[in-house]
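What follows is a set of notes on a single structure, which appears directly below.
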Amino acid sequence: MRIGDQRSAEDYVASGPKARKSEAKVMSTFMRDTESLSMSALSLVLIGPDEQRRRAVARALAGPQARIAREIEAYPDLDDLTGIIEADYDVVMVDLDPNPEQALDVVESLCGQHSSATVMVYSARADAELLVRCMRAGAREFLTEPVLPTAAAEALVRASVRREEVRRHRRATGKLLVFVGAKGGSGVTTVAANFAVALAQQCGRKAALLDLDVQLGDAALSLGLPTKFNVLDALENPNRLDSDFLSVLMSKHASGLAVLGAPDTIPSLQPPKNGMEKLLRVVREDFEHVVVDAGSHSIEMYEALFEAASTVYLVSQVAVADLRNSNRFISRYFNRSGSDKLEVVLNRYVQRDMEIDDAAITKALTRPAKWKIPNDYAAARKAQNLGVPLVSEKSQIARAFAEMARAASGQSAAAEKRKKFGLFK
């Protein structure tokens, strides 16, 4: 029963056979309600030392409404509870009977740490005092054994509605960090991919890399990361796109970076615009930092990306054609508004023997370059061929990306003195 109902636990149990006459009809109604809400299956965790009791509850929950994501055979300690909360499951169901005091401590800890999960409890005891204690601990559903499929279906529908409400109110707060190239061959993918890995390594927070260069993107390849799915699987299925679906599509790099790569073949059509907007919203709900490789040719996506971005990194080189394109790019997209979110990155920068001096660069860019990535063509070529990030080894380039990552995440600059080929601001 739902905690807060007018009926007592005893009344609920006593309603017995008569109430179950319409069980099939009620079940059908609630299943239809769930389908009409277009909700994906709830991810559910079962906590309880008694395996037989867990199996019985799992049978009652069987169906398309929920999937058992994890079973925990003992009441978890604080570290395990933190892991459950960070995993962002939809429902956590706790067995009260083996040890009610321990079980209530678990419920209170889960609810007290601002978990978005719906916490449910189940017990063979249906006394009012226990129900009130569960309510005060923060549980939202109290199921009495034997748990009927009807009662389980009702509880799951309410959990589904709550999940959607939480998601509607959850703001897309993740920083969107967009990398775009002034010209083909500027190295935007190398810069974006290594910056993303540095962000995952340096910040210790959830970071993701999206390759939105759907025509010729190779960000995942440059990291040596095999991918089963790609960004088109997300963009072409906006109605299915949610946190659960996104987690299936993304691949995990050894650094902890989540990656959604570009397709292996060139698509014949551009993905729908509403698909990209939905993807950006969902991924920013799940990750604190979202790095986008927009390539040098995704013009139809630029305005939407730049509007949503926290920072836009324009990657260029010190060459006449690159600087000319950079000037055109800045004039087109950042001349009137949003100029404060634009940061220019000079890639393959060589301080000495430049035919174009800093004054000329600043004039062409209409602003000083924010970041300068040292030139090391041999190391970059080797890293790309081996699928190993440049930031995986100590070097001036690695320090440059680490500095960018620290700045993007709001951390203080490195204390060590910058060297001749380091970053210059």
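The values are calculated or read from the model by the stated rules, or taken from the named source; none is laboratory data. Note that the structure is a prediction, hence the values are computed from the model and not measured. Note that each Cβ is placed from the backbone with ideal geometry, even for glycine, and that neighbours are counted across all protein chains shown.
If you check L177 against the conditions, is it in a helix (DSSP H, G or I) and within 29 Å of the chain's Cα centre (by Cα)?
Numbers: in a helix (DSSP H, G or I): no; within 29 Å of the chain's Cα centre (by Cα): yes.
Answer is no for this residue.
I want to confirm something. Restricting to the stretch 247-258 and keeping residues that are assigned to a strand (DSSP E or B) and over 10 Å from the mean Cα position of the chain (by Cα), which single residue is nearest to P226 (Cα to Cα)? Let's see the steps before the verdict.
Just the residues of the stretch 247-258 that are assigned to a strand (DSSP E or B), to begin with: 251-252, 258.
Now narrow it down to the ones that are over 10 Å from the mean Cα position of the chain (by Cα): 251-252.
On the way: S251: 8, K252: 9 Å.
Out of the qualifying residues, it is S251.
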Collect the residues in the stretch 211-246 that are in contact (Cβ under 8 Å) with a residue 24 or more places away in the chain, over 27 Å from E393 (Cα atoms) and assigned to a helix (DSSP H, G or I), keeping them in residue-number order.
V231, L232, A234, L235, S243, D244, F245, L246
Write out, first by first residue and then by second, each pair whose Cβ atoms fall under 9 Å of each other, whose residues are 6+ apart or on separate chains, and whose first residue, in the stretch 387-403, is within 12 Å of A192 (Cα to Cα) while the second is of a type in the set (D, E) and at pLDDT below 85.
L390/D376
Hey, does the stretch 268-285 have a residue that's in the same structural domain as G387 (by TED's automatic domain parsing), in a loop (DSSP other than H, G, I, E, B), surrounded by fewer than 21 Cβ atoms within 10 Å (Cβ to Cβ) and touching a strand residue (DSSP E or B) at 6+ places or on another chain (Cβ under 9 Å)?
no
Filter the stretch 188-210 for residues that are over 17 Å from V345 (Cβ atoms), assigned to a helix (DSSP H, G or I) and either modelled with pLDDT of 90 or more or of a type in the set (G, A, S) (or both) and give the result.
A200
Check off (1) surrounded by fewer than 21 Cβ atoms within 10 Å (Cβ to Cβ); (2) touching a Ser or Thr at 6+ places or on another chain (Cβ under 8 Å) for S243 and give me the number that stays unchecked.
(2)
S43 - would you say it is in a loop (DSSP other than H, G, I, E, B) and either at pLDDT below 95 or not polar (S, T, N, Q) (or both)?
no
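Among the helices (runs of 4 or more DSSP H) contained in the stretch 296-412, which hold 3 or more residues that are more than 30 Å from P272 (Cβ to Cβ) and at pLDDT 85 or above?
Values: elements: 299-308, 320-333, 358-365, 377-386, 396-408.
Of the helices (runs of 4 or more DSSP H) lying wholly inside the stretch 296-412, those with at least 3 residues that are more than 30 Å from P272 (Cβ to Cβ) and at pLDDT 85 or above span 320-333, 358-365, 396-408.
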